[in-house]
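The values are calculated or read from the model by the stated rules, or taken from the named source; none is laboratory data. If you're wondering where the values come from, they're calculated on a predicted model, not measured in any experiment. All Cβ positions, glycine included, derive from the backbone under ideal geometry; neighbour counts span all protein chains shown.
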């Protein structure tokens, strides 16, 4: 081949190789984070659009960082145990406790909720602190944390705490005088009373503001996860963007609109 033909021919071969590599190289796979969650209306539910406002925030926060979320619904305690064992990347919607902090790292606050203490109208308790509930009975959802003050009272044997599977069961036991009070997120308790109790039943119940500061709820990742800290960093970054551009408030407000 004459030298004058070698360079154009070599250039054509090189160009063809680049084009072929571009066309047949697989696209980079989208990163997916797998989260385990439970039912927690009006913030989280299979039956709500986008699985509820809390998970819409989680999805949008990760999407801001180029990460897609897949959710699996499990009972809350199982969601935490499976995440701890590495079956899932994380689980959103938990308050802080020293016990949980041994196994999990926490994100920035996903949402904040003040709490209500709920009584039967014929069994009101005058209270200023957890100590005023000494000798009483209460209920928690399986896997839930009752808060530092009540937890210390329970550990000392001064508060009887029984676990239940559903919020509906809690209210049924309260109305049946099988427990003395409930300690729940304000909006969650309001939702249950409006959606599952009759007016006659609601008339028998009184909800009072808690004595403690509002709880913050977080995304948890196992300390055993190799990608845990990176995922939390990405989530926190995406969450800050949502708060800054105003989208966060619009999304979370949907939980409050449901109960109007």
Restricting the search to the stretch 102-123, which residues are in a loop (DSSP other than H, G, I, E, B) and closer than 18 Å to residue 212 by Cα?
109, 114
Among the listed residues 189, 195, identify the single one that is assigned to a helix (DSSP H, G or I), surrounded by fewer than 14 Cβ atoms within 10 Å (Cβ to Cβ) and in the same structural domain as residue 128 (by TED's automatic domain parsing).
195
For the stretch 129-136, does any single residue satisfy the condition of being modelled with pLDDT of 95 or more, touching a strand residue (DSSP E or B) at 6+ places or on another chain (Cβ under 7 Å), farther than 21 Å from residue 236 by Cβ and part of a strand (DSSP E or B)?
yes
Would you mind stating whether residue 60 is modelled with pLDDT of 95 or more, loosely packed, with under 15 Cβ neighbours inside 10 Å, over 30 Å from residue 197 (Cβ atoms) and under 17 Å from the mean Cα position of the chain (by Cα)?
no
Of the residues 118, 125, 142, which is touching a helix residue (DSSP H, G or I) at 6+ places or on another chain (Cβ under 7 Å), surrounded by 16 or more Cβ atoms within 10 Å (Cβ to Cβ) and either touching a residue at least 40 places away in the same chain (Cβ under 8 Å) or not assigned by TED's automatic domain parsing to the domain that holds residue 77 (or both)?
118
Can you tell me which condition residue 144 does not meet? The list is (1) farther than 20 Å from residue 255 by Cβ; (2) in a loop (DSSP other than H, G, I, E, B), and all the others hold.
(1)
For residue 253, only one of the following conditions fails: (1) in a helix (DSSP H, G or I); (2) surrounded by fewer than 20 Cβ atoms within 10 Å (Cβ to Cβ); (3) outside the structural domain of residue 95 (by TED's automatic domain parsing). What is its number?
(3)
It is to be established whether one or more residues within the stretch 168-183 are touching a helix residue (DSSP H, G or I) at 6+ places or on another chain (Cβ under 7 Å), assigned by TED's automatic domain parsing to the domain that holds residue 120, surrounded by fewer than 18 Cβ atoms within 10 Å (Cβ to Cβ) and more than 26 Å from residue 112 (Cα to Cα).
yes
Cβ-Cβ below 8 Å, separation at least six or inter-chain, first residue in the stretch 82-97 and within 10 Å of residue 225 (Cα to Cα), second at pLDDT 95 or above and assigned to a loop (DSSP other than H, G, I, E, B): which pairs?
83/89; 84/103
Determine whether the stretch 214-235 contains at least one residue that is surrounded by fewer than 16 Cβ atoms within 10 Å (Cβ to Cβ), more than 21 Å from residue 98 (Cα to Cα), modelled with pLDDT under 95 and in the same structural domain as residue 89 (by TED's automatic domain parsing).
yes
